[in-house]
Amino acid sequence: ANSGLFFDEAYYWHWSTNLNPGYFDHPPMVALFIAAGTVLFGDTSLGVRFMTALAAPLIAWLIWAIALELTGDRRIAAWGAIFSSLTGAALLSVAVFPDEPMVLFWLLAVLALVKVYGRSQPWWWIVAGVAIGLAGTSKYTAVFLGVGVFAWTLLTPELRRWYGTCWPWIGLLVALAVVSPVLMWNAANGWPSLVMQTM
């Protein structure tokens, strides 16, 4: 809150003053995060960084929830959350990068699929689709999340059986619908951010 913005943060803040479905080198979620923070706290360092600071405890909670769902052990879940708070999630919370929202939504997708795996509740496929789509509107490297999810669900018998139902396909359509404004913006502008990211 008390330190000035560094170059990338100022760059992303400028995006937040002119919201679009895409930008030259990233999707729009970082700009949306900044816009939400500045609505609350104005065009200040706190306003610019507020949503990413808020993301850090949510990331820790998601890691806790994933570990608890997989192990049933609250101590293991707590250690997972503590470890994440002492490492990358904590570092990501002190400045604004497209990575914070991507990690947040990535972990939400993992939690949703762990719920499908452990509880066989089909509507979690839709939550996973929303989360994967939101991760894709955060950073293009979220494509690896989609590839990883497909590989995991295909190689895991308890998850592979779902492909005979409509649920994973609905999740896929939801993910594509969420990320479609980014794709349409790129298509309309000559794919600038995808070209830039693959150079």
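Just to check I understand the Karplus step: with θ = phi - 60° and J = 6.51 cos²θ - 1.76 cosθ + 1.60, what whole-Hz values come out for segment 65-79, glycine and proline as x?
5, 5, 5, 5, 5, 7, 10, x, 10, 5, 5, 4, 4, 5, 5
Report the relative contact order of the chain, percent, no decimals, based on alpha-carbon pairs under 8 angstrom and at least 6 residues apart.
On the way: 280 pairs, mean separation 45.2, N = 199.
Reported as a whole number, the value is 23 percent.
Could you compute the longest span of the chain free of chymotrypsin sites (Phe, Trp or Tyr not before Pro) located in DSSP loops and having at most 16 other Cβ atoms within 10 Å, not counting the site residues?
Maximal segment without exposed cleavage sites: 25-122.
With every protein chain present, what accessible area does ASP99 have (1.4 Å probe, heavy atoms only), rounded to the nearest 10 Å²?
It works out to around 40 Å².
With the other protein chains left in place, how much accessible area per residue, in square angstrom, belongs to segment 1-150 at a 1.4 angstrom probe? Mind dumping the intermediate values first?
Details: 7110 Å² over 150 residues.
Each residue of segment 1-150 exposes 47 Å² on average to a 1.4 Å probe.
How many percent of the accessible area of segment 124-180 is carbon or sulfur, using a 1.4 Å probe? Mind showing how you got there, number by number?
Values: 2290 of 2800 Å².
Ligands and nucleic acids excluded, carbon and sulfur reach 82 percent.
Separation of segment 1-23 and segment 103-166 by C-alpha centroid, Å?
30 Å
For every helix of n ≥ 4 consecutive DSSP H residues, a contribution of -39,500 (n - 2.57) applies; sum these over the chain, divide by its total residues, and give [θ] at 222 nm rounded to the nearest 500 deg cm²/dmol. Could the numbers behind the result be given before it?
Numbers: 11 runs with 147 residues, N = 199.
Computed ellipticity for the chain at 222 nm equals -23500 deg cm²/dmol.
Semi-axes of the equivalent ellipsoid for the chain, please: Cα gyration tensor eigenvalues, times 5, square-rooted, ordered largest first, whole Å.
30, 23, 12
For ILE66, ILE126, write out the residues from largest to smallest accessible area, computed with a 1.4 angstrom probe and no ligands counted.
Values: ILE66 20, ILE126 60 Å².
Largest to smallest exposure gives the sequence ILE126, ILE66.
The values are calculated or read from the model by the stated rules, or taken from the named source; none is laboratory data. Because the structure is predicted, anything quoted here is derived from the model rather than measured. Positions of Cβ are backbone-derived with ideal geometry, glycine not excepted, and every protein chain shown enters the neighbour counts. The accessibility values were calculated without ligands, DNA or RNA, using every heavy atom of the protein model including side chains. Shrake-Rupley method; radii C 1.70, N 1.55, O 1.52, S 1.80 Å.
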